[in-house]
Amino acid sequence: MVSPHLDDAVLSCGALIAADPGTLVVTVFAGRPQPGLSGEPTDWDRSCGFAAGDDVLAARRHEDDCACAALGAEPRWLDFVDYQYGEPVAVDEIAAELGAVIEALAPAELFVPLGLVHPDHDRTHRACRLLIGRTTLTVFAYEDLPYRALEGAVDTRITELDAAGLNPRRVDLGVDGRDARKHEAIACYASQARGLAAAWPGYERVLTREYYWRLGA
């Protein structure tokens, strides 16, 4: 399960992860940023309750550990740095790192984000697309929550995937997003819940369904 940030896979796929204990959740943008000159948190980190001098990454990794434990999943963190910290990364670099993880693990299925709205989500999606042609894995794309609630976001990406010959087909994987384990895991992301509540009033309502697309032949 490929996650752009330390919460995205659980928000979008927590019920599915809970249904398959031992799932590996690989978070792409989980690296530590270079120390800022001012030491002040970014706007997003401030909205999540962090203050100058806080070790944001340590706190967020701890939250992810807690969430994955609640779902019986294994977290793995790559060292790419979140877009908000101003350290852009090339898509092919992400693809190389993810490709190495996939090759070593040899999973039966690969779940990747549709990559909606946020630049980090888009980069993660495009990196995963570079890998699809190099693998015989069954590949599914999940709709990024809560971004999938924005009008046109999913349709635009599906049209693009169809034009690229990836034949996206909506599938029902038989999971219920109201699963108590999913919401126990989401509660572990206390800092992110604070930021999301400020940015997306009522965001919790869109987390109770999970949406998946099968990609490829």
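Things to note:
- Hey, Arg123 touching a residue at least 12 places away in the same chain (Cβ under 8 Å), open to solvent by 10 Å² or more (accessible area, probe 1.4 Å), closer than 22 Å to Leu78 by Cβ and out of contact with any helix residue (DSSP H, G or I) (no Cβ under 7 Å at 6 or more places or on another chain) or not: no
- Matching residues, the stretch 90-108, being open to solvent by 30 Å² or more (accessible area, probe 1.4 Å) and in contact with a Phe, Trp or Tyr (Cβ under 8 Å, 6 or more places away or on another chain): Glu93, Glu97
- Count of the stretch 128-157 residues, restricted to those that are open to solvent by 30 Å² or more (accessible area, probe 1.4 Å) and in a helix (DSSP H, G or I), is 7.
- Top-ranked residue of the stretch 188-217 - restricted to ones that are of a type in the set (Ser, Thr, Tyr) and part of a helix (DSSP H, G or I), ranked as nearest to Val171 (Cα to Cα): Tyr203
- Some residue of the stretch 153-176 being touching a strand residue (DSSP E or B) at 6+ places or on another chain (Cβ under 9 Å) and among the polar types (S, T, N, Q): yes
- Considering the conditions (1) open to solvent by 40 Å² or more (accessible area, probe 1.4 Å); (2) assigned to a helix (DSSP H, G or I); (3) modelled with pLDDT of 95 or more, Arg170 is excluded by exactly one of them, (2).
- Which numbered condition Pro113 fails, given (1) farther than 13 Å from Pro4 by Cα; (2) touching a His at 6+ places or on another chain (Cβ under 6 Å); (3) of a type outside the set (A, V, I, L, M): (1)
- Residues being within 23 Å of Ala187 (Cβ to Cβ), in contact with a Pro (Cβ under 8 Å, 6 or more places away or on another chain), of a type outside the set (Phe, Trp, Tyr) and modelled with pLDDT under 95 - total across the stretch 13-59: 4
- Which numbered condition Arg123 misses (of (1) part of a helix (DSSP H, G or I); (2) under 21 Å from Val89 (Cβ atoms); (3) in contact with a Leu (Cβ under 9 Å, 6 or more places away or on another chain)): (3)
- Output for the stretch 58-72, where each listed residue is among the hydrophobic types (A, V, I, L, M, F, W, C) and open to solvent by 20 Å² or more (accessible area, probe 1.4 Å): Ala58, Ala59, Cys66, Ala69, Ala70
- Residue ranges of helices (runs of 4 or more DSSP H) in the stretch 4-83 with at least 1 members touching a helix residue (DSSP H, G or I) at 6+ places or on another chain (Cβ under 9 Å) and of a type in the set (A, V, I, L, M): 8-19, 56-71
Residue by residue, here is whether (1) over 30 Å from Pro41 (Cβ atoms); (2) of a type in the set (D, E, K, R); (3) in contact with a Gly (Cβ under 6 Å, 6 or more places away or on another chain); (4) touching a residue at least 40 places away in the same chain (Cβ under 8 Å) holds:
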{"site": "Ala58", "(1), (2), (3), (4)": "no, no, no, no"}
{"site": "Gly133", "(1), (2), (3), (4)": "yes, no, no, no"}
{"site": "Gly152", "(1), (2), (3), (4)": "yes, no, no, no"}
{"site": "Arg170", "(1), (2), (3), (4)": "yes, yes, no, yes"}
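- On inspection, Arg209 passes the criterion of being of a type outside the set (Gly, Ala, Ser) and within 17 Å of the chain's Cα centre (by Cα).
The values are calculated or read from the model by the stated rules, or taken from the named source; none is laboratory data. Everything numeric in this text was worked out from a predicted model, so none of it was measured. Heads up, the Cβs are rebuilt from the backbone with ideal geometry, glycines too, and the neighbour counts pull from every protein chain shown. With ligands, DNA and RNA removed, areas are computed over all heavy atoms of the protein, side chains included. Shrake-Rupley method; radii C 1.70, N 1.55, O 1.52, S 1.80 Å.
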